[in-house]
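The structure appears right after this line, and notes come after that.
We did not get these values from a lab; they are worked out from the coordinates using the rules stated. Nothing here was measured: the structure is a model prediction, and the numbers come from that model. No Cβ is skipped: glycine too gets one built from the backbone with ideal geometry, and neighbour counts run over all protein chains shown.
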Amino acid sequence: MPIQTISLYKGRTPAEKRLIADCIQDALSFAGYPSNDRFQKIHEYEDDDFIVDPVFPNFSAAPRTRDFVLVQIWISTGRPDSMKHDMIEQIQHNLRTRVGLNAADIMVVLQETARENSSLYRGVPPELLPRIVPRAGNAQ
């Protein structure tokens with residue numbers, strides 16, 4: 001169960017925020033998560049409360065702007081690297097093509113935690129929940 005936090009500057013409409021959330025969720029479904037495995041938090045910040053260096057790590061001539069979106073996703077340990085790469089690449093692709101964000105304005109961070117460190121469904125031990133299977137061709 002990926003838990004998603006989407007951080008952005010204040011000023012987007014509800015429809016824009018929903019589109020951003022949908023792009024991220026669709027990327028997770030593409031990578032192999034069930035489409036209804038959706039737990040997203042959207043945090044909006046004033047300029048003074050969301051401090052982002054405009055150019056670090058200096059790979060691009062394009063600086064970050066107020067369109068910047070930080071996506072943090074908690075996932076269970078043990079996912080194949082290929083599944084993680086699919087998530088990151090597809091999030092980037094979806095946000096660029098469907099929202100119109102520049103690559104410099106998208107940051108994705110995956111954070112792993114052991115399944116036993118969570119209670120995801122009515123107190124059922126995580127080891128008794130179904131396993132997520134990566135999309136075809138992504139098993140390592």
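Quick one: Kirkwood hydrodynamic radius for segment 25-77, alpha-carbon pairs, angstrom, one decimal?
14.0 Å
What dipole magnitude, in Debye to the nearest 20, does segment 18-126 give about its Cα centre under +1 on Lys/Arg Cβ and -1 on Asp/Glu Cβ? Write down the numbers at each step before the final one.
Values: 11 positive and 16 negative charges, 87 e Å.
Its charge dipole is roughly 420 debye.
Take every DSSP beta bridge whose two residues both sit in segment 3-128, then give the antiparallel share in percent to the nearest 5. Spell out each step's value before the answer.
Values: 6 of 21 bridges.
Roughly 30 percent of the DSSP beta bridges within segment 3-128 come out antiparallel.
So how do 50, 39, 56 line up by other beta-carbon neighbours within 10 Å, fewest first? Display every interim value, and only then the final one.
Working: 50 16, 39 13, 56 9.
Ranked by crowding around the Cβ, least crowded first: 56, 39, 50.
Say R0 is 25 Å: what FRET efficiency, to the nearest 0.05, do residue 39 and residue 114 get from their beta-carbon distance?
Numbers: r = 18 Å, r/R0 = 0.71.
Approximately 0.90, to the nearest 0.05.
Determine the sum of side-chain charges near residue 64: Lys and Arg each +1, Asp and Glu each -1, restricted to other residues whose C-beta is under 12 angstrom from that of residue 64. List each step's numbers first, then the result.
Values: positive: 66; negative: 53, 67, 105.
Local net charge: -2.
Label points 7 Å out from Cα along the Cβ direction at residue 97 and residue 47: separation in nm?
Taking the simple label geometry, residue 97 and residue 47 are separated by 3.4 nm.
Neighbour counts of other C-beta atoms within 10 Å: give me 85, 93 arranged from fewest to most.
Arranged by neighbour count, lowest to highest, 85, 93 become 85, 93.
Given just the C-alpha atoms of segment 3-128, how large is their convex hull per residue in cubic angstrom? If you can, show how the numbers build up before the last one.
On the way: hull volume 16.2 nm³, N = 126.
It is 128 Å³ per residue.
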